[in-house]
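Visitor: Below is the structure I would like to discuss, written out as structure tokens.
Every read-out reported here was derived from the displayed coordinates using simple, explicitly stated rules and does not represent laboratory data. Everything quoted here is computed from the prediction, not taken from an experiment. Here Cβ is always computed from backbone atoms with ideal geometry, including for glycine, and neighbour counts include all displayed protein chains.
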Amino acid sequence: MAHEGLWKQLLGRERRETAQRAKCQFLSNPERYVVSLLNTEYIVNLSDREICSIQPFDGSTALTAGFAQDRPGTSPVEAEFLQQLCILTYLINAQDLPLANKLVKAETLPGGQFFFRGPHSLPTTKLEKAFGNCPEVLHRRAERFDAKRREFGDASIQLYVLPRVPLTIVIWAKDEQFQARASILFDRTAASHLPLDALWVAVNLAVDALINPVIQ
């Protein structure tokens, strides 16, 4: 089973305390969490050890326990490997903390100076290529994630990857003097909710979803 170690850790956590820490719902019969990832709701079924997103029901998929009563007219779509990784790691690690409302670079997070380099560099180059010639496209792409516009650079947004993990993405347009630039900023509390490797995965999921509208 994928992520077996993470499932064992999650199953050992007290259910309602976990929901409060992660700012999500806990429901019983069957036991499950309902948590948002990139503005899509996912059901984390503890008895079956399954994670599925909630999609409009088209009649082609049999409803599993919990889906019919949670959201009538919806059907489950199994979460992908990295989506499952982020959700499980978040449920295990999230803390009941308010946002610091202070934006920081990845390198200033505890351990970030050494982690976010080389193969773990943030995907700013992808953002520069996708939005550097027309930053306004970022705002349009971000609408389906219920992102808020910010006042940085030529275009910027704040979107929540997970309920306690907002990202701020800033784009500076390419012009005659300068190449396009992109920045990804975090609330100072980010590393309290996800270890750095899972935070890096969450950032990449968000960037890929913005660049490729069909990916989420």
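Visitor: Within the P(r) computed for the range 103-211, what percentage of the Cα pairs occupies the region above 18 Å?
Guide: Roughly 45 percent, rounded to a whole number.
Visitor: Per the helix-only calculation at 222 nm, which mean residue ellipticity applies to the chain, given -39500 (n - 2.57) for every DSSP H run of n ≥ 4 and division by its residues, nearest 500 deg cm²/dmol?
Guide: About -9000 deg cm²/dmol.
Visitor: If you build a Gaussian network model of the chain, linking Cα atoms that sit under 10 Å apart, which residue out of Lys126, Lys102, Lys148 swings the most?
Guide: Lys102
Visitor: Rank-order 19-31, 190-202 by packing density, defined as the average count of other C-beta atoms within 10 Å over each peptide's residues, highest first.
Guide: Going by the mean number of other Cβ atoms within 10 Å, highest first, we get 190-202, 19-31.
Visitor: Full-extension gain between Asp197 and Lys126, please, as 0.36 nm times their residue separation minus the C-alpha to C-alpha distance.
Guide: That works out to 23.7 nm of additional length.
Visitor: Then there's this: With +1 on each Lys and Arg Cβ and -1 on each Asp and Glu Cβ, how big is the dipole of the chain about its Cα centre, in debye rounded to the nearest 20?
Guide: 460
Visitor: Another one. Place the peptides 103-114, 177-188, 4-15 in order of packing, highest mean first, counting for every residue the other Cβ atoms within 10 Å and averaging per peptide.
Guide: Put in order of decreasing packing, that is 177-188, 103-114, 4-15.
Visitor: Can you tell me how the chain classifies by the Cα gyration tensor, rounded, prolate or oblate, using a/c under 1.5 as the rounded cut?
Guide: prolate
Visitor: A further question on this structure: Just need the relative contact order of the range 103-211 here, percent rounded to a whole number, with Cα pairs under 8 Å and 6+ apart.
Guide: Worked out over the range 103-211, it gives 31 percent.
Visitor: Sticking with this one: Cross-link candidates for Lys23: which lysines have Cα within less than 25 Å, leaving aside residues fewer than 8 places away along the same chain?
Guide: By straight Cα distance, Lys23 reaches Lys8, Lys102, Lys105, Lys148.
Visitor: Just for the Cα atoms in the range 148-216, what are the lengths along the principal axes, largest first, rounded to whole Å?
Guide: Taking the Cα atoms of the range 148-216, the three principal extents are 40, 29, 22 Å.
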